[in-house]
Amino acid sequence: MRIIAGEFRGRRLASVGKGDPGAHLRPTTDRVRESLFNTLNGGRFGDPIEGAHVLDLFAGTGALGLEALSRGAEHVTFIDDGRVAGRILRENIQTLGCKTAVKLINRDATRLPPADTPCQLVFLDPPYGKGLGGKALRMAQEQGWIADKALIVWEESEPQEAPDGFVLLDQKRYGDTWISFLEAQA
């Protein structure tokens, strides 16, 4: 895995190979991440990255949030309760030297603490097929993590419907991965 573009372009991230099922690590491939960020930078959603506060739920290795940081996000909060994920994420943060622009919360993404600052961009990449994405999204909304009109990028094994308080903007399929783009409503 590597950072695709921006300030940290080409920098290698700690590898987990094809993943670690025991640790529920299934990293977004470079190809899917590149396509996703091309969509985000394509103007359809405005400019959701530049200067944004980003929330990366079920962060795993942190590749999505770190890519956003590389491309101009102001701050990223990573949420993951996995020991292996936490170790890899801390290693990736150290490798990129971006500790002052991130916060790592070692916690279950469905049991969030209250937010310090609402986020304009949210990456949601739960373990596939376990129904955790909707729970985490509701909890993030209840705890003040999601700004009005925030863009939610939800990665799953199948297309997702927008829960109450959100509007579905688009869906894209990349092999066995579906990305659903949602917008938070007031």
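The values are calculated or read from the model by the stated rules, or taken from the named source; none is laboratory data. In this text the structure is predicted, and so the values were computed from the model without any measurement. Note that each Cβ is placed from the backbone with ideal geometry, even for glycine, and that neighbours are counted across all protein chains shown.
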- [ ] Restricting attention to the range 138-186, report how many residues are part of a loop (DSSP other than H, G, I, E, B) and either exposed (fewer than 15 other Cβ atoms within 10 Å of the Cβ) or more than 15 Å from the chain's Cα centre (by Cα) (or both).
- [x] 15
Open item on the list: part of a helix (DSSP H, G or I) and surrounded by 15 or more Cβ atoms within 10 Å (Cβ to Cβ): is that true of Val54 in this structure?
Closed with: no
Task: Exclusive hit being at pLDDT below 95 and closer than 25 Å to Arg111 by Cβ, set Glu161, Glu142, Glu183 - done: Glu161
- [ ] Considering each residue of the range 33-64, count those that are within 24 Å of Gln94 (Cα to Cα), among the β-branched types (Val, Ile, Thr) and modelled with pLDDT under 95, and give that number.
- [x] 1
Open item on the list: Quick check on the range 164-180: of everything there that is more than 25 Å from Asp116 (Cα to Cα) and of a type in the set (Gly, Ala, Ser), which residue is modelled with the lowest pLDDT?
Closed with: Gly175
Open item on the list: Can you report the number of residues in the range 65-84 which are modelled with pLDDT under 95 and in a helix (DSSP H, G or I)?
Closed with: 2
Open item on the list: Can you tell me which of (1) surrounded by fewer than 20 Cβ atoms within 10 Å (Cβ to Cβ); (2) touching a residue at least 24 places away in the same chain (Cβ under 8 Å); (3) closer than 29 Å to Ala14 by Cα; (4) not basic (Lys, Arg) is the one Ala85 doesn't meet?
Closed with: (1)
TODO: Report whether or not Val84 is under 16 Å from the mean Cα position of the chain (by Cα) and either more than 14 Å from Ala59 (Cβ to Cβ) or β-branched (Val, Ile, Thr) (or both).
DONE: no
